[in-house]
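Trainee: One structure follows; several queries about it will come next.
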Amino acid sequence: MAIAQSWAPRLTHPPADRDTVLQTVALTKTYRMGEVDVHALRGVDLALQEGEFMVLLGVSGSGKSTLLNILGGLDVPTSGRVYYRGGELTGASEAELTRYRRYHVGFVFQFYNLVPSLTARENVALVTEIVPDPFEPEEVLELVGLGDRLDHFPAQLSGGEQQRVAIARAVAKRPDILLCDEPTGALDYATGKLVLAAIDLVNRELGTTTAVITHNAPIASIADRVITLGDGRVVHEQRNPVKASAGGLQW
């Protein structure tokens, strides 16, 4: 089966600099709930740099997941602009957004979404069969520490192991961007650290531009840069002069 061409932008906009992978300009998102307008995002300006590990930090309802979904092409803004490598995502057709998600973005969610009847290797292979230049499933499973669990089914794996299979699946297609939505939210403390270590390793070893959203403030110390959201706005930004190791985290 022929593989469709990756998404190519038709409209261009100068990125913040040549290393900018994703950029938002005055981004807003408003949901209508009955008679009430809920403002999830209120004018967010953000730039995600090549190879960067960014943490988006904030309490529930601060707009983190909404922002991540828009960056990943899973949702569209009410107003404002989103640019991927200088090409405008805003206003792209559904077919174009599908190609953008398929070829350029890897997703990791709080819940693993593995197919129960498939082994770890087979779950990863689901992705490698639809992109032109994937990693081998065995290669990425080895990278996240599951080289000896290739033929285990999800029911035979712990929660942390299942999440690491999900990470391997997300990076197997060689995405430009890895977007992680509360990847440790369903895990205990010790297991969560192993999962964060796997995400950090992917960022360092493969150079994958990575954004992780969390409400857990200590996790921010492993990032290059931390963006704090509150009430749909960027309320604080900082760069960590020294990144902590995932193994040393405490919360």
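Trainee: Which residues, taken from segment 136-147, are surrounded by fewer than 20 Cβ atoms within 10 Å (Cβ to Cβ) and either within 17 Å of V195 (Cβ to Cβ) or in contact with a Leu (Cβ under 9 Å, 6 or more places away or on another chain) (or both)? Reasoning before the result, please.
Mentor: Quick first cut of segment 136-147, residues surrounded by fewer than 20 Cβ atoms within 10 Å (Cβ to Cβ) only: 136, 138-139, 142, 145, 147.
Passing the criteria: E138, E142, G145, G147.
Trainee: May I ask you to list the residues in segment 75-114 that are in contact with a strand residue (DSSP E or B) (Cβ under 8 Å, 6 or more places away or on another chain), among the acidic types (D, E) and over 23 Å from V38 (Cβ atoms)?
Mentor: E88
Trainee: Oh, and also: Kindly provide the set of residues from segment 206-221 that are assigned to a strand (DSSP E or B), among the hydroxyl-bearing types (S, T, Y) and over 16 Å from H236 (Cβ atoms), ordered by number.
Mentor: T209, T210
Trainee: Out of segment 110-135, which residues are touching a Gly at 6+ places or on another chain (Cβ under 9 Å) and either exposed (fewer than 14 other Cβ atoms within 10 Å of the Cβ) or within 20 Å of T191 (Cβ to Cβ) (or both)?
Mentor: Q110, F111, Y112
Trainee: While we're here: Exactly one of these conditions fails for T24: (1) polar (S, T, N, Q); (2) at pLDDT below 95; (3) farther than 23 Å from Q110 by Cα. Give me its number.
Mentor: (2)
Trainee: Check whether at least one residue in segment 81-98 is under 20 Å from the mean Cα position of the chain (by Cα), under 17 Å from P183 (Cβ atoms), among the polar types (S, T, N, Q) and surrounded by 14 or more Cβ atoms within 10 Å (Cβ to Cβ), and report yes or no.
Mentor: Within segment 81-98, not a single residue is under 20 Å from the mean Cα position of the chain (by Cα), under 17 Å from P183 (Cβ atoms), among the polar types (S, T, N, Q) and surrounded by 14 or more Cβ atoms within 10 Å (Cβ to Cβ).
Trainee: Here is a follow-up. So, in segment 207-234, exactly how many residues are without any contact (Cβ under 8 Å) to a residue 60 or more places away in the chain and not polar (S, T, N, Q)?
Mentor: Count: 1.
Trainee: Let me ask something else about it. Return the total of residues in segment 70-117 being free of Cβ contacts under 8 Å to residues at least 24 places away in the same chain and among the small types (G, A, S).
Mentor: 2
Trainee: Which of the residues belonging to segment 225-242 are buried (at least 16 other Cβ atoms within 10 Å of the Cβ) and either touching an Asp or Glu at 6+ places or on another chain (Cβ under 7 Å) or β-branched (V, I, T) (or both)?
Mentor: Residues satisfying the conditions are R225, V226, I227, T228, V234.
Trainee: Quick check on this structure: which one of V127, V140 is modelled with pLDDT of 95 or more, outside any strand (DSSP E or B), under 18 Å from the mean Cα position of the chain (by Cα) and not aromatic (F, W, Y)?
Mentor: Unique residue meeting the criteria: V140.
Trainee: Go through segment 185-205 and count every residue that is free of Cβ contacts under 8 Å to residues at least 60 places away in the same chain and either part of a loop (DSSP other than H, G, I, E, B) or closer than 16 Å to A166 by Cβ (or both).
Mentor: Number of matching residues: 11.
The values are calculated or read from the model by the stated rules, or taken from the named source; none is laboratory data. Bear in mind that the values here come from a model prediction, so they are computed numbers and not experimental data. With ideal geometry, Cβ positions are generated from the backbone for all residues, glycine too; neighbour counts draw on all protein chains shown.
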